[in-house]
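Written out below as structure tokens is the structure these notes cover.
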Amino acid sequence: MAGIFDFAPAIVLLPFLSFLIAVGTALSGRDLLPKGGAIPGIAATAGSLVLSIAMAATVAGGEVYDATIYTWAVGAVPGAEAPLELTFGVLVDPLSSMMLVIVTLVALLVHVFSLGYMNDDGQTGLPRYYAGLGLFTASMLGFVVADNLLMAFMFFELVGLCSYLLIGFHFREPGPPSAAKKAFLVTRFGDYFFLIGVVAVFATFGTAQFAGTEAAPGFPALAEQALNGEFAANTFLGLGTQAWFTVVGLLVLGGVVGKSAQFPLHTWLPDAMEGPTPVSALIHAATMVAAGVYLVARMYGFYAVSPTALGVIALVGGFTALFAGTMGLVKRELKQVLAYSTISQYGYMMLALGAGGYVAATFHLLTHAFFKALLFLGAGSVILAMHHNENMWDMGGLKDKMPVTYYSFLAGSLALAGIFPFAGFWSKDEILFETLIHGLDGAPLLLLGYVFGLLAVPVTAFYTFRMVFLTFHGEARTAEAEDPVPVRWNVKGPLAVLGVLAAGAGVVNLAPVKYLTGLEVDFLHSWLDGGFTNLTVHHYAEIDPYSSAYIGGEVTTVLLGAAVSLGLALLGLALAYRLYAVPEPVEHTDKLGAAKDLLYDNYYQDEYQVYLANRVVLPLARAADTFDQSVVDGTVNAVSSVSLFSGRRVRRIQTGVVSNYAALVTLGLTVLLVLFGVLGGWLL
Amino acid sequence: MFAPPEAYLVLSAAVFCIGVFGLLTRKNALLFLMSVELMLNAANINLVAFSFYWGNVTGQTFSLFTMALAAAEVAIGIGIILVLYRNFKDIDVTEATTMRW
């Protein structure tokens with residue numbers, strides 16, 4: 001009797017199959033499939049969604065699964081009795097089954113939405129597009145179920161590749177290929193550190209399993225044992241165990257910072273908006289950028305034992321949340337605002353992870369996936385209606401003409417801004433609450449992160465509703481906005497589904513209600529507390545370095561934190577309402593003067609990175625090239641010219657006269673005989 | 001009744017040296033071939049002599065093989081000399097130096 005878990009690989013393989021079908025269609029060059037190949041993709045993601053839900057239901061029944069599917073390399077390690085195994089495996093536990101449902105659901109909705117956005121719009125190259133989506137979905141799901149760090153890394157790179165391919169989908173225009181290259185290179189820069197981190201994990205623990213078994217624990221558990229002195233981990237660079245774990249954690253964090261677009265490697269994400277909007281929704285909002293955060297959550301047991309790494313995560317996250325939010329304040333394009341808001345929201349998740357709020361981060365990951373995918377799809381609907389004009393200043397008054405888009409977009413915006421009772425309020429509030437209570441107990445870094453996060457709240461609310469009011473309210477400012485292209489069911493359907501989720505997904509974890517009433521309504525908390533003993537919430541709470549302190553009791557702190565963040569969000573909303581919810585809005589951000597230019601030019605982040613590349617990296621590369629050309633190649637060339645020269649001289653001995661050879665042979669034989677005679681002692 | 005072993009060795013060494021001398025001093029390819037035959041036969045004398053001395057026929061059998069080998073070698077050698085003549089109108093071995101560097 002095959003259990004449901006035996007079908008776990010199928011979740012990954014189904015979208016891969018749709019990828020193969022789409023590639024086959026694209027290669028055949030004929031229009032073999034209806035809808036340009038969308039149907040296999042929809043069928044595959046729907047199948048994966050059904051399987052994922054079945055997995056989640058089984059996991060809810062208390063079962064978990066961790067199995068090695070394929071061992072592709074085994075090698076003996078000097079000084080260790082167990083061989084080093086490189087494997088592909090499947091790990092289904094509460095965290096991964098939740099992520100599976102998110103990814104497959106969003107992927108399915110994006111596939112359906114693509115019918116409206118790509119097919120109905122008469123785009124060409126559709127098989128290529130659906131091949132990209134299929135491969136992306138397969139790789140992302142592979143990453144989610146990965147049971148060891150190396151496999152996670154491989155799929156991490158694959159999603160990066162798909163991101164590159166899909167950003168550059170319109171490769172005949174100048175912008176997308178360049179944006180695709182930038183996205184690829186910037187994330188690769190982070191992944192370079194991740195790769196070193198993977199090797200370091202193998203070298204330190206001899207395994208890269210996340211969960212492992214009783215007999216052979218995964219590396220987070222081994223790290224914990226090593227700190228308790230029960231396991232001898234290999235450390236390098238002369239560092240102590242604790243310091244070395246911090247170094248390894250920060251190396252892996254490099255990949256996370258690149259993929260989840262955290263400061264300072266966030267610059268690729270706004271440019272990635274050159275890709276088709278459904279791609280932005282799927283890859284650059286809901287799933288791929290979540291990969292970084294998911295990775296930290298996946299190996300949270302490893303980070304939890306390193307207070308320094310946690311502090312760095314919290315600080316980077318908090319800073320990014322505020323920093324990216326301010327840039328979103330002044331953007332003119334719809335998708336640019338959303339891109340900066342995505343960076344900012346992932347900053348919140350990192351802040352939560354760094355602050356010991358594992359559940360809060362996962363919760364925000366869940367709600368953000370829904371409301372940000374919704375916002376991107378809503379933006380896609382607007383962009384479609386506006387003939388691919390993304391400038392918000394050319395819109396206005398779309399509220400009455402596109403009611404489904406408007407109301408779902410509004411639900412997503414309220415969630416993003418963190419307005420009670422939409423999903424984003426609950427998750428963001430929990431992040432800030434966890435940061436606050438852990439920070440109050442003698443962790444000033446977290447309090448700093450809390451201040452950043454709190455300041456980002458009104459900023460978020462302001463740019464979100466500036467976007468909403470400029471797009472949907474007031475008078476139509478152009479002929480296109482006057483008469484938008486109607487969108488069909490395949491656009492409205494996904495919007496409606498996500499709209500409901502964005503409004504209601506908060507019920508999965510009503511932590512503040514629990515504190516106030518004592519009801520057990522923090523379902524996500526108990527959900528993540530199941531599964532492998534080493535990967536549960538209360539285990540993480542035991543090993544992380546934080547404890548809690550409150551301002552005048554738990555309930556007061558909950559109420560105070562929620563009131564402050566809600567008040568700030570409403571403040572931002574009110575300001576946006578005051579400035580932009582008028583028939584003829586003007587660019588109030590111009591009043592900021594030079595500050596606006598600074599924000600609009602992204603704090604000159606691109607400029608300084610290009611400067612670094614041109615002035616530091618390029619001369620270094622030139623110097624290395626010169627070294628290579630002169631010293632390395634010089635040595636090789638010298639060896640060859642010595643051989644050539646001596647060969648030219650020595651070949652003179654080959655006269656071609658047989659008698660000379662005979663003489664030489666005879667002479668040589670005689671010399672040998674004499675030599676043997678002298679050394680052998682029977683001559684002289 | 002038989003000569004002492006040293007006699008065979010001296011004979012064999014003498015024949016061998018004659019062969020080497022011929023090889024080093026002559027230019028005619030046919031004389032080359034003959035000199036090589038002399039050297040081979042010097043080895044044969046040794047084989048037979050030691051075989052007789054030890055009362056073991058292995059050496060004598062082996063000398064038969066050597067003779068067959070010598071015959072084959074002569075066949076090839078004559079063939080080479082014929083080709084040499086065809087190409088250079090001469091069988092002087094010092095003339096055929098076109099294959100060197």
Please go through segment B:82-100 and give me each residue that is open to solvent by less than 100 Å² (accessible area, probe 1.4 Å), within 12 Å of chain A (Cβ to nearest Cβ) and closer than 11 Å to B:ALA29 by Cβ, ordered by number.
B:LEU84, B:ILE91, B:ASP92, B:VAL93, B:THR94, B:ALA96
What do you reckon, is B:SER63 open to solvent by less than 50 Å² (accessible area, probe 1.4 Å), out of contact with any Ser or Thr (no Cβ under 9 Å at 6 or more places or on another chain), more than 14 Å from chain A (Cβ to nearest Cβ) and over 26 Å from A:VAL657 (Cβ atoms)?
no
Taking the criterion of being under 15 Å from the mean Cα position of the chain (by Cα), within 11 Å of another protein chain (Cβ to nearest Cβ) and hydroxyl-bearing (Ser, Thr, Tyr), would at least one residue in segment B:27-43 satisfy it?
yes
Of the candidates A:LEU679, A:LEU667, the one satisfying the condition of being free of Cβ contacts under 8 Å to residues at least 60 places away in the same chain and within 14 Å of chain B (Cβ to nearest Cβ) is A:LEU667
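This table checks each residue for (1) within 17 Å of A:LEU365 (Cβ to Cβ); (2) free of Cβ contacts under 8 Å to residues at least 40 places away in the same chain; (3) charged (D, E, K, R).
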position	(1), (2), (3)
A:PHE245	no, no, no
A:GLY258	no, no, no
A:ALA261	yes, no, no
A:ALA272	no, no, no
A:PRO278	no, no, no
A:LEU295	yes, no, no
A:ARG298	yes, no, yes
A:THR308	no, no, no
A:GLY311	no, no, no
Could you say whether any residue in segment A:507-516 is within 28 Å of A:PHE376 (Cα to Cα), within 25 Å of the chain's Cα centre (by Cα) and surrounded by fewer than 24 Cβ atoms within 10 Å (Cβ to Cβ)?
yes
Qualifying positions in segment B:15-26 - away from chain A (no Cβ under 11 Å) and small (Gly, Ala, Ser)
none
Just one of (1) modelled with pLDDT under 90; (2) within 14 Å of another protein chain (Cβ to nearest Cβ); (3) farther than 30 Å from A:VAL650 by Cβ trips up B:PHE52, so point out which.
(2)
Any chance you could count how many residues in segment A:645-664 are within 13 Å of chain B (Cβ to nearest Cβ) and open to solvent by 80 Å² or more (accessible area, probe 1.4 Å)?
8
In segment A:206-250, anything open to solvent by 20 Å² or more (accessible area, probe 1.4 Å), assigned to a helix (DSSP H, G or I) and either more than 29 Å from A:VAL92 (Cβ to Cβ) or among the hydrophobic types (A, V, I, L, M, F, W, C) (or both) is listed as A:LEU227, A:THR241, A:GLN242, A:ALA243, A:VAL247, A:LEU250
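Looking at the structure I just gave you, is A:GLY79 in a helix (DSSP H, G or I), modelled with pLDDT under 85 and more than 20 Å from A:TRP527 (Cβ to Cβ)?
Considered against the rule, which asks whether it is in a helix (DSSP H, G or I), modelled with pLDDT under 85 and more than 20 Å from A:TRP527 (Cβ to Cβ), A:GLY79 comes out as no.
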Restricting attention to segment A:27-56, report how many residues are at pLDDT below 85 and open to solvent by less than 50 Å² (accessible area, probe 1.4 Å).
5
For segment A:459-480, state whether one or more residues are surrounded by fewer than 16 Cβ atoms within 10 Å (Cβ to Cβ), more than 25 Å from the chain's Cα centre (by Cα) and farther than 27 Å from A:MET327 by Cα.
yes
Give segment B:9-29 a look and list any residue that's in contact (Cβ under 8 Å) with a residue 24 or more places away in the chain, open to solvent by 70 Å² or more (accessible area, probe 1.4 Å) and over 17 Å from A:VAL657 (Cβ atoms), or say none.
B:LEU9, B:LEU11, B:PHE16
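Residue check: is A:GLY125 on the phi > 0 side of the Ramachandran plot and in contact (Cβ under 8 Å) with a residue 12 or more places away in the chain?
For A:GLY125, the condition - on the phi > 0 side of the Ramachandran plot and in contact (Cβ under 8 Å) with a residue 12 or more places away in the chain - is met.
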Considering residues that are surrounded by fewer than 21 Cβ atoms within 10 Å (Cβ to Cβ) and within 28 Å of the chain's Cα centre (by Cα), the number found within segment A:12-26 is 5
Need a quick list: helices (runs of 4 or more DSSP H) entirely within segment A:383-483 having at least 1 residues that are aromatic (Phe, Trp, Tyr).
A:403-417, A:423-440, A:444-472
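Whether any residue in segment A:599-619 is free of Cβ contacts under 8 Å to residues at least 12 places away in the same chain, farther than 30 Å from A:ALA339 by Cβ, exposed (fewer than 11 other Cβ atoms within 10 Å of the Cβ) and more than 14 Å from chain B (Cβ to nearest Cβ) is what I want to check.
Yes, segment A:599-619 has at least one match.
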Do we have A:TYR546 as open to solvent by less than 70 Å² (accessible area, probe 1.4 Å) and of a type in the set (Phe, Trp, Tyr) here?
yes
Could you list, in sequence order, the residues of segment A:569-626 that are at pLDDT 80 or above and in contact with a Lys or Arg (Cβ under 8 Å, 6 or more places away or on another chain)?
A:ALA576, A:LEU579, A:TYR580
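The values are calculated or read from the model by the stated rules, or taken from the named source; none is laboratory data. Since the structure is predicted, the reported quantities are computational estimates derived from the model, not experimental observations. Counting neighbours? That spans all protein chains shown, and the Cβs are built from the backbone with ideal geometry, glycine included. The protein model used for the area step is the full one, side chains on, heavy atoms only, and it has no ligands, DNA or RNA in it. Shrake-Rupley method; radii C 1.70, N 1.55, O 1.52, S 1.80 Å.
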